[in-house]
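The structure appears below as structure tokens.
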Amino acid sequence: MDLELSDEQGLIVDTVRKFVRNEIVPLEADMDPDASDLDEENHERLASQVKQMGFYGLDIPPEYGGPDIDIVTRTLMAIEMAQHRAGLYNACYGVFGGAGLAQLFEANEDQKQRYLFPTLRGERHGFFGLTEPSGGSDPARAIQTTAVKDGDDWVLNGGKIFISGADRADYGIVFARTDAAKGRGGITCFIIDADMPGFHVRRIVHTLRSTSYATELQFDNLRVPPKNILGEVDKGFAIANDRLSRQRIPYSAGCIGVAVKAQEMAIAYANQRTTFGDLLATRQAIQWMIVDNEIDIRTSRWLTLAAADKANKGQPYRTEAAMAKLVASEAGGRVVDRSMQIHGGYGMTKDLPLERWYREIRIRRIGEGPSEVQRLIMARDLLGGSFH
Ligand SMILES: Cc1cc2nc3c(=O)[nH]c(=O)nc-3n(C[C@H](O)[C@H](O)[C@H](O)COP(=O)(O)OP(=O)(O)OC[C@H]3O[C@@H](n4cnc5c(N)ncnc54)[C@H](O)[C@@H]3O)c2cc1C
């Protein structure tokens with residue numbers, strides 16, 4: 001793998017970096033430090049700039065009208081796009097457009113018309129409902145929501161927890177057990193409309209993530225027509241798994257972006273803050289924190305780009321993606337923590353983005369599969385996988 005950026009990649013990275021620094025960061029100076037959305041006018045203005053740059057709908061495959069950007073370049077862009085206050089969970093406030101739920105690209109034509117295309121146009125929003133109160137690390141065993149056939153329809157009963165964005169979504173993907181005897185081979189993926197009778201959504205307490213709520217879902221005799229089954233009956237778990245592995249690369253890139261920016265801030269501060277008659281930068285305790293930050297950043301970056309490179313070449317990348325996710329989320333947390341320490345009291349204030357990153361990056365060790373689960377995935381791959 002060539003670690004040098006190509007001329008084209010360099011140009012793209014530079015364009016995105018300038019966009020973040022010139023367009024996003026100045027707006028944040030006047031926004032609530034916990035804000036998760038831009039006002040509509042700025043959102044539309046910036047989205048049209050992104051369209052002119054040719055980057056709109058980054059994760060939409062070219063055959064659906066998205067830009068033709070390879071996974072390594074996409075990862076480099078994601079590292080840049082996260083480098084602002086809200087960047088970890090809402091990179092550039094969504095002005096690069098989203099692909100929505102990746103599973104819908106595998107939907108049938110009718111489902112694409114009803115869900116995928118309106119989502120790509122920004123008219124509909126979906127949620128991803130996998131985790132249940134019985135546990136999220138091992139959903140294949142933990143899922144207790146049942147779907148029972150009644151006539152042509154399926155009737156769902158059960159619930160989900162920690163589901164992001166379901167309070168604002170108008171549909172979602174829900175995994176339910178259709179055959180109790182078959183374990184992971186007995187789970188089916190359903191597309192649920194938020195206005196279907198028997199679907200209930202409730203916001204639960206705020207998480208460490210600023211103004212965004214996690215939600216709890218309840219299904220009471222929720223009747224779903226067969227045309228809303230995504231993929232095949234009993235084969236839904238592969239759909240969930242595929243998404244999780246792919247998602248780990250941009251997830252890692254977001255952690256790296258925040259760490260890069262925190263380190264940049266720490267270096268600038270150490271070079272201008274004087275204590276005991278000299279700059280912080282002259283103190284070995286501070287120098288070593290800066291060096292440890294750099295080691296964490298470079299390790300995360302290389303592992304993540306290596307995973308992206310394998311994915312790009314169509315090679316298996318599950319181990320690499322798990323390693324990147326584990327390292328980038330844990331290392332990113334350490335970098336933000338050390339950078340706060342270097343900033344002293346200022347690091348604790350909401351005037352700087354560090355405190356928001358400090359809270360939000362903690363979730364990264366749990367979301368998209370906790371660190372322990374990443375280790376489990378790698379252990380299975382390394383040892384041959386005949387254990388749980
Ligand atoms: C802010 C937020 C947003 C989320 N959004 C979504 C969403 O949109 N959709 C969705 O489906 N889910 C979502 N989740 C859920 C998330 O994916 C789960 O919280 C996560 O998978 C862990 O599941 P759990 O909380 O049930 O922990 P558990 O599975 O109960 O695990 C508890 C702890 O034990 C560890 N552990 C588990 N098994 C082992 C083992 N074999 N060996 C060692 N340690 C182990 C885990 O790593 C974890 O640290 C979200 C969570 C949060 C916090």
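Rounded to the nearest 10 degrees, the angle from helix 7-19 to the longest Cα principal axis of the chain is 90 degrees. Taking Cβ atoms as reference points and 13 Å as the exclusive limit, the residues near G54 contribute a net charge of -1, counting Lys and Arg as +1 and Asp and Glu as -1. Cα centroids of segment 340-375 and segment 28-45: 21 Å apart.
Angle check, please: helix 284-312 long axis (alpha carbons) against the longest principal axis of the chain (alpha carbons), in degrees 0 to 90, nearest 10. Roughly 40 degrees, rounded to the nearest 10. With angles folded into 0 to 90 degrees, how steeply does helix 318-343 sit against the dominant principal axis of the chain? Use alpha carbons for both and round to 10. Once rounded, the angle reads 40 degrees. Placing a label point 7 Å from the Cα of L383 along the Cα-to-Cβ line, the residues of segment 311-332 whose backbone N sits under 20 Å from it are 318-324, 326-327. Highest mean first, the peptides 165-176, 237-248 sorted by other C-beta atoms within 10 Å per residue fall in the order 165-176, 237-248.
Only four residue types carry charge here, +1 at the Cβ of Lys and Arg and -1 at the Cβ of Asp and Glu. Report the dipole size of segment 7-103 about the Cα centre in Debye, rounded to the nearest 20.
Once rounded to the nearest 20, the dipole reads 220 debye.
In this structure, R17 and Q284 have a Cβ-Cβ separation that, at R0 = 30 Å, corresponds to a calculated FRET efficiency of about 0.45. Take the alpha carbon gyration tensor of segment 126-230, find the square roots of its eigenvalues, order them as a ≥ b ≥ c, and report rounded if a/c is under 1.5; if not, report prolate when a/b exceeds b/c, else oblate. Oblate, since a/c reaches 1.5 and b/c is not below a/b. Once the Cα-Cα distance is subtracted from the 0.36 nm per residue extended length, the R298 to L208 segment shows a gain of 29.7 nm. What share of the DSSP beta bridges in the chain is antiparallel, in percent to the nearest 5? Beta bridges within the chain, antiparallel portion: roughly 85 percent. Cross-link partners of K325 among lysines, defined as those whose alpha carbon lies under 20 angstrom from its own and excluding same-chain residues fewer than eight positions apart: K261, K310, K313. For segment 7-103, the solvent-accessible area with a 1.4 angstrom probe is 46 square angstrom per residue. Comparing mean-square fluctuations of D193, D14, D278 from a GNM of the chain with C-alpha springs under 10 Å, the top value falls on D278. Listed by chain and number, the lysines whose C-alpha is less than 26 Å from the C-alpha of K112, apart from same-chain residues fewer than 8 away, are K51, K149, K160, K227, K235. Taking all protein chains as present, what is the carbon and sulfur share of the accessible area of the chain, in % to the nearest whole number, probe 1.4 Å? Taking all protein chains in place, the chain shows 52 percent carbon and sulfur surface. Of A142, A328, A180, the residue with the greatest mean-square motion in the GNM of the chain, using alpha carbon springs below 10 Å, is A180.
What you get for the chain, charging only the Cβ of Lys and Arg (+1) and of Asp and Glu (-1), is a dipole of about 1000 debye around the Cα centre.
In the context of the full set of protein chains, residues of segment 126-230 present 44 Å² of accessible surface per residue (probe radius 1.4 Å, heavy atoms only). For segment 147-183, the residues whose amide N sits under 13 Å from a probe point set 7 Å from the Cα of D193 along the beta carbon direction are 170-172. Taking 0.36 nm per residue of sequence separation and removing the Cα-Cα distance, the N108/Y346 pair yields an extension gain of 80.4 nm.
Placing a pseudo-label 7 Å from each Cα along the Cα-to-Cβ vector at R45 and T275 gives an inter-label distance of 4.0 nm.
Modelled spin labels at Q9 and D68, positioned 7 Å past Cα toward Cβ, are 1.9 nm from each other.
The values are calculated or read from the model by the stated rules, or taken from the named source; none is laboratory data. Only a predicted model underlies this, so the values are computations on that prediction, with no experimental measurement involved. Glycine also receives a Cβ, built like all others from the backbone with ideal geometry; neighbour counts cover every protein chain displayed. Side chains included, ligands, DNA and RNA excluded: accessible areas come from the protein's heavy atoms. Shrake-Rupley method; radii C 1.70, N 1.55, O 1.52, S 1.80 Å.
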